[in-house]
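The values are calculated or read from the model by the stated rules, or taken from the named source; none is laboratory data. Note that the structure is a prediction, hence the values are computed from the model and not measured. Because the Cβ atoms are built from the backbone with ideal geometry, glycine has one as well, and the counts that use them run over all protein chains shown.
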Amino acid sequence: MEIMNTGYTLLIPLIPLAVFLLLGIFNRRIKPAVSGYIGVAGLAASTLLSFYTAYQYFFVVGKVNGVYQAIVNKTVWLNFTETLHIDLGVLIDPISVMMLLVVSTVSLMVHIYSRGYMKGDDGYTKFFAFLGLFTFSMYGLVLATNLFQIYIFWELVGVSSFLLIGYYYTKESAVAAAKKAFIVTRFADFGFLIGILIIGFYTGTFDFETLNNPQGSAILNWASSSFMGLSVITWALLLIFMGGAGKSAMFPLHIWLPDAMEGPTPVSALIHAATMVVAGVYLVARLFPLYYFVEEGFVLQIVAYVGAFSSLFAAVIAVTQTDIKRVLAFSTMSQIGYMMMALGVSGYEGHDGVGYMASMFHLFTHAMFKALLFLGAGSVIHAVHSNYLKDMGGLRKYMPFTNITFLIAALAIAGVPPLAGFWSKDEILVAAYANNPLIYGVAVVVAGLTAFYMFRLYFGIFWGKETTYKHAPHESPVSMTIPLGILAILSITVGFIPFSQFVTADKAGFEAHLNYPLAAIAVAVGVLGIVLAWIFYKKENNLSTRFANAFGGFYRWTSHKFYLDEFYLFVTRQIIFKRISGPIAFFDKKVVDGTMEGIGNKTMSLSRKIMGVQSGRLQDYAFGFIGGVVVFAAVFIYLWTN
């Protein structure tokens, strides 16, 4: 491990923190237009530093003897033992640098876009303050040097998302969505925290570099400790994955993500498309050597199957949703499942680690085209003042630029060559095919479903039957279309980056080659999905209604998200609240509180009865004294005479 000064990289997270403090403290004194420029300028500075860091690391100082080295700058914050301590600092390695680029690029585009989208909003300055806090939290998370530091920023990301999801705090559904996201992820994060504590107890370290050394003594210490047939480290890794599954909205902890669309659309693009929801994927990737080498990758198999099921589950639901932001939300869940699946089927060295590389590559490309999809959806919502497909149609005539950019993003996520999604998705399919035929089959089906529901969305918005609009829709302002244009260009070009030479499991890099047969299958399935969407939705017809009627109950279940929200509500209200919490509350109130209150009441009653003993009147005291003397004398005489 190479240690060198990375002082300037500290400015990357500190600049958005300064923006948050400035806009937050002087919220009422700073004019809205000025606060927008401050937010954009701050993120632009952090973005420039992030790209400079990437250039320095990948092309100047990062590679030593053919392997990318970790560059660490840290200081001890809390010291528990000689080896167990919590550090604060910066870890620069291939995946942290890659995440810097993702967070910076998407956040900057969202900041620029928000200047137009949020114009005239009463909380304009506050909104940019919250964006600054969120970006600071994500920077801190991806640069963390140890498990506890990442957990600190992990929770701060949760707080930031709570503030942004519930930004429209006068709207009941937004408040409920913010609480739902916060509570669901807290359950997951509780598991994450327990996993961290187990690792600290048994290995004596939280440090990533030590934990990710497969031959390190910290890992060997776990060999003699087991619970229910699994090593303690396996349980710890499962609990840590639980935290990642909650943040990345994997089944069954996904229920918060669709509701989180209640926040402003730029928030959806920033938090729930490209940054926060991939934190779980990043966490597994950060500890990948540990996941891979412990018990022959047992936990990775669970990661793979959870990712594959979540991907298919979300894609099926996305086909039936009518709120365009919720379609994109389930699409995000599906694509995050793809990334988890790729990590789960990955090897470690060289070409065997193609799954790891593909997961990170898809994370990188997906950030660009999914942010573009959300911002494009925001542009449409801004024009028609509705989230629902029934209120849209024929918008290509009114919004030609949004139409083109949205089409590019839809083609990218559908895996159409040569756009970015094609290259990263192909590598995931290669990894799945080589390691697990069942997961490969699921991945191919999901690819077809993705193409279908994305072009169902595209045709429903920009083609189909033209809705009678009260006011003619118009193209969004320049502050909103510039980010769309930049992200469209990135969605076309970033797939050509030789990603396998920069980000791999063993940090050595390798030459990736296109698998033509598998690529042809994936493209054919994607084109089939697009063609079906063309037939169903490009022109007005009743095919979709007939399709829905034909599938009857199954269609109803998918449109209601398999009633999982209702199931959770039933469990919460009828079982936890009514049959568990209710009796406990009754016992606490009637038995515990009742006993204490009874003792208090008896004490007060007794006090009232004897309070006359201390009346404060001299004659009462004299009477008591004389009475006492008489009684004492009588007892004395009785005892003397007998």
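Exactly one residue out of 128, 134 is of a type in the set (Phe, Trp, Tyr), modelled with pLDDT of 90 or more and more than 17 Å from residue 272 (Cβ to Cβ): that is 128.
Residue-level check: of (1) without any contact (Cβ under 8 Å) to a residue 24 or more places away in the chain; (2) surrounded by 12 or more Cβ atoms within 10 Å (Cβ to Cβ); (3) not hydrophobic (A, V, I, L, M, F, W, C), residue 559 misses just (1). Scanning the stretch 544-558 for residues that are modelled with pLDDT under 80 and hydroxyl-bearing (Ser, Thr, Tyr), we see that the one that is farthest from residue 458 (Cα to Cα) is 555. Among the residues of the stretch 311-346, the ones that are modelled with pLDDT under 90 and more than 20 Å from residue 455 (Cβ to Cβ) come to 0 in all.
Among the listed residues 49, 21, identify the single one that is assigned to a helix (DSSP H, G or I), over 26 Å from residue 122 (Cβ atoms), assigned by TED's automatic domain parsing to the domain that holds residue 102 and out of contact with any Asp or Glu (no Cβ under 7 Å at 6 or more places or on another chain).
Working: 21 fails: over 26 Å from residue 122 (Cβ atoms).
Of 49, 21, the one residue that is assigned to a helix (DSSP H, G or I), over 26 Å from residue 122 (Cβ atoms), assigned by TED's automatic domain parsing to the domain that holds residue 102 and out of contact with any Asp or Glu (no Cβ under 7 Å at 6 or more places or on another chain) is 49.
Within the stretch 334-370, the set of residues being in contact with a Leu (Cβ under 6 Å, 6 or more places away or on another chain) and among the aliphatic types (A, V, I, L, M) comprises 339, 368.
Would you be able to say whether some residue in the stretch 100-120 is in the same structural domain as residue 208 (by TED's automatic domain parsing), at negative phi and surrounded by fewer than 17 Cβ atoms within 10 Å (Cβ to Cβ)? Yes; the residues of the stretch 100-120 include at least one that is in the same structural domain as residue 208 (by TED's automatic domain parsing), at negative phi and surrounded by fewer than 17 Cβ atoms within 10 Å (Cβ to Cβ).
Residues of the stretch 184-207 that are surrounded by fewer than 18 Cβ atoms within 10 Å (Cβ to Cβ) and under 13 Å from the mean Cα position of the chain (by Cα): 186 alone. In the set (1) modelled with pLDDT of 85 or more; (2) assigned to a loop (DSSP other than H, G, I, E, B); (3) not β-branched (Val, Ile, Thr), residue 541 fails one condition alone, (1). Looking only at residues in the stretch 6-44 that are more than 25 Å from the chain's Cα centre (by Cα) and closer than 24 Å to residue 89 by Cα, the one that is modelled with the lowest pLDDT is 6.
For (1) within 19 Å of residue 315 (Cβ to Cβ); (2) of a type outside the set (Lys, Arg), each residue gets a yes or a no:
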position: 519; (1), (2): no, yes
position: 522; (1), (2): yes, yes
position: 527; (1), (2): yes, yes
position: 533; (1), (2): yes, yes
position: 537; (1), (2): yes, yes
position: 546; (1), (2): no, no
position: 549; (1), (2): no, yes
position: 558; (1), (2): yes, yes
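Here residue 268 meets the list (1) modelled with pLDDT under 85; (2) in a loop (DSSP other than H, G, I, E, B); (3) buried (at least 24 other Cβ atoms within 10 Å of the Cβ) almost entirely, failing just condition (2).
Name the one entry in 367, 383 that is crowded, with 21+ Cβ neighbours inside 10 Å, in the same structural domain as residue 288 (by TED's automatic domain parsing) and on the phi < 0 side of the Ramachandran plot. Steps first, answer last, please.
Details: 383 fails: crowded, with 21+ Cβ neighbours inside 10 Å.
Result of the check over 367, 383: 367.
Is at least one residue of the stretch 75-95 assigned to a helix (DSSP H, G or I) and buried (at least 20 other Cβ atoms within 10 Å of the Cβ)?
Let us first name the residues in the stretch 75-95 that are assigned to a helix (DSSP H, G or I), namely 94-95.
Filter once more, keeping what is buried (at least 20 other Cβ atoms within 10 Å of the Cβ): 94-95.
So far as the stretch 75-95 goes, yes, one or more of its residues are assigned to a helix (DSSP H, G or I) and buried (at least 20 other Cβ atoms within 10 Å of the Cβ).
Being over 18 Å from residue 423 (Cβ atoms) and either among the acidic types (Asp, Glu) or in a helix (DSSP H, G or I) (or both): is that true of residue 376 here? Spelling it out, residue 376 is indeed over 18 Å from residue 423 (Cβ atoms) and either among the acidic types (Asp, Glu) or in a helix (DSSP H, G or I) (or both). Considering the conditions (1) among the β-branched types (Val, Ile, Thr); (2) within 26 Å of residue 177 (Cα to Cα); (3) touching a residue at least 24 places away in the same chain (Cβ under 8 Å), residue 525 is excluded by exactly one of them, (2). With respect to residue 582, determine if the residue is without any contact (Cβ under 8 Å) to a residue 24 or more places away in the chain, under 37 Å from the mean Cα position of the chain (by Cα) and at positive phi. Taking the combined requirement at face value, the residue does not satisfy it.
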